[in-house]
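Scroll down for the structure; my scribbles are underneath it.
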């Protein structure tokens, strides 16, 4: 009997944003990132019988996603893949530019490091949110990230406004502690 | 919370609500009164504000509802084909 059971019907709600963030920081292409997330879920479904329940669902899905990202890079680094990239460049109706040069980032740009730091901080925070009790995580995300109004959230979860604020307060305290450990000291 | 003086638990929740601009003037006054004599809650409030700044500074990249629906339907199809 596995210690953790898979629940594929809830995968999109629970993990798609986290996996999408994880992917987009590695492939820098939103459409490709969406495809890779969808393919990860499908691969997860296919190999569900091999899930032993020793890790969490999310850790298991991330390990599948990592392999998908490696496959993606293998593909674009193959000769066929390189040709596909050139073709997609030429499809932009700009045949005069140097496609390779234009795709190289300017590493002297001071915002590059900031971007990386923001991405890593975002990932750390996503991990901390995922570690919250499910209800806390959903309500925190709805209020803080989705900026939904208090009344709508209260109706959806059948709670009073004071309950909602206590939940958000506890979620924030746990997140601050988690980020302290993972990232830096908030003091 | 009809009283002017509040305890630390109430002050912490008010501090969190303040991060979402949810306090009315009466509540804001109560929180200020509490902070005037409680260094622990003042310090918590400082951390809370810093955490809000951290959250606001992040570029939250999320899938749209339509994009999620697309992925969901792909999973649904796959499950149905499997059954």
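Counting, for every residue in B:67-75, the Cβ atoms of other protein chains within 10 Å of its Cβ and taking the mean gives 6.
The packing ranking, built from the mean of other Cβ atoms within 10 Å per residue, places the peptides A:47-53, B:10-16, A:134-140 in the order B:10-16, A:134-140, A:47-53, highest first.
Given a Förster distance of 22 angstrom, what is the FRET efficiency for residue A:48 paired with residue A:75, based on the Cβ-Cβ distance and rounded to 0.05? In this case the efficiency is close to 0.30. Calculated [222 nm] ellipticity per residue, helices only, for chain B: -24500 deg cm²/dmol; basis is -39500 (n - 2.57) per DSSP H run with n ≥ 4, divided by all residues, nearest 500.
Pairs of Cα atoms nearer than 8 Å and 6+ residues apart set the relative contact order; for chain B it is 28 percent. Its relative contact order, with pairs defined as Cα atoms under 8 Å and 6+ residues apart, puts the range A:135-187 at 34 percent. For peptide A:40-52, the mean count of partner chain Cβ atoms within 10 Å of a residue's Cβ comes to 2.
Bear in mind that the values in this text are calculations on the coordinates, not laboratory data. Please read all numbers here as calculations on a predicted model, not as lab measurements. Don't worry about glycine lacking a Cβ; one is built from the backbone with ideal geometry, like all the others, and counts go over all protein chains shown.
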